[in-house]
């Protein structure tokens, strides 16, 4: 996990992603993992109808998530101008070389931790470990199970009531990923704005939480982030398609506290 953090985290100085960001407008030599990640993420962005975008960092900076004071809601012109620099389709790969447009910036926070979890799980399986749970900050969890220990139970917290849980999930050789805005947000003029921003509208989503059960952590993490920008109806419609293609299930709690579930999600809930 430390190696992945050093080599690929956009916040790690001289990582491949850091080099790409610092040399925006020029091709930068990377490695097979970097190119593979970017290509895979672009495909998932297509699936999420552009509501997931790894080049959203300029928008995050505009809203002030990297400032400590003087927060304000950006003007519509500012958002429009910044959105012109957000677009995963502008990320170019040629062999092991990667280029982003001038003014663009990739952020890895929505997928790299989960990617590391998947790599750890792969190594555990190769080492013959069949009974383990990997928990990366609570937002990315992978359960490994064998006949002696057939499943793990995962508690899903209520993001508005920290002492309460929504339900418990029973997982067996599956991953659980969640996106929520309860821990990272800004207070501006008495209103709370979460850190998950729509790459299409430029504004933060007002949903409370999205949870995804998947075979691998990275797919679940990306889907939970992108689907966070959907409304309930669009979420359920998109989940019908994603469930068939990626064998995933999920739930959403919207800004009013209403929770909806994909067709196969409730089979994982502990009764």
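The values are calculated or read from the model by the stated rules, or taken from the named source; none is laboratory data. Note that the coordinates shown come from a computational prediction; the quantities given were computed from them, not determined experimentally. Positions of Cβ are generated from backbone atoms using ideal geometry, with glycine treated the same way; all protein chains shown enter the neighbour counts.
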Item to complete: State which residue is nearest to residue 217 (Cα to Cα) when the search covers only region 151-172 and only residues that are modelled with pLDDT of 95 or more and assigned to a loop (DSSP other than H, G, I, E, B).
Response: 172
Practice prompt. Tally the residues that are without any contact (Cβ under 8 Å) to a residue 12 or more places away in the chain, in a loop (DSSP other than H, G, I, E, B) and touching a strand residue (DSSP E or B) at 6+ places or on another chain (Cβ under 8 Å), restricting the search to region 178-207.
Written response: 0
Worksheet item: Here are 45, 68: which of them is outside the structural domain of residue 135 (by TED's automatic domain parsing) and either touching a strand residue (DSSP E or B) at 6+ places or on another chain (Cβ under 8 Å) or at pLDDT below 95 (or both)?
Response: 68
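This table checks each residue for (1) within 18 Å of the chain's Cα centre (by Cα); (2) assigned to a loop (DSSP other than H, G, I, E, B); (3) at negative phi.
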| position | (1), (2), (3) |
| --- | --- |
| 26 | no, yes, yes |
| 39 | yes, no, yes |
| 51 | yes, yes, yes |
| 59 | yes, no, yes |
| 62 | no, no, yes |
| 71 | no, yes, yes |
| 78 | no, no, yes |
| 110 | yes, yes, yes |
| 119 | yes, no, yes |
Worksheet item: Is it true that residue 242 is modelled with pLDDT of 95 or more, out of contact with any strand residue (DSSP E or B) (no Cβ under 7 Å at 6 or more places or on another chain) and crowded, with 19+ Cβ neighbours inside 10 Å?
Response: yes
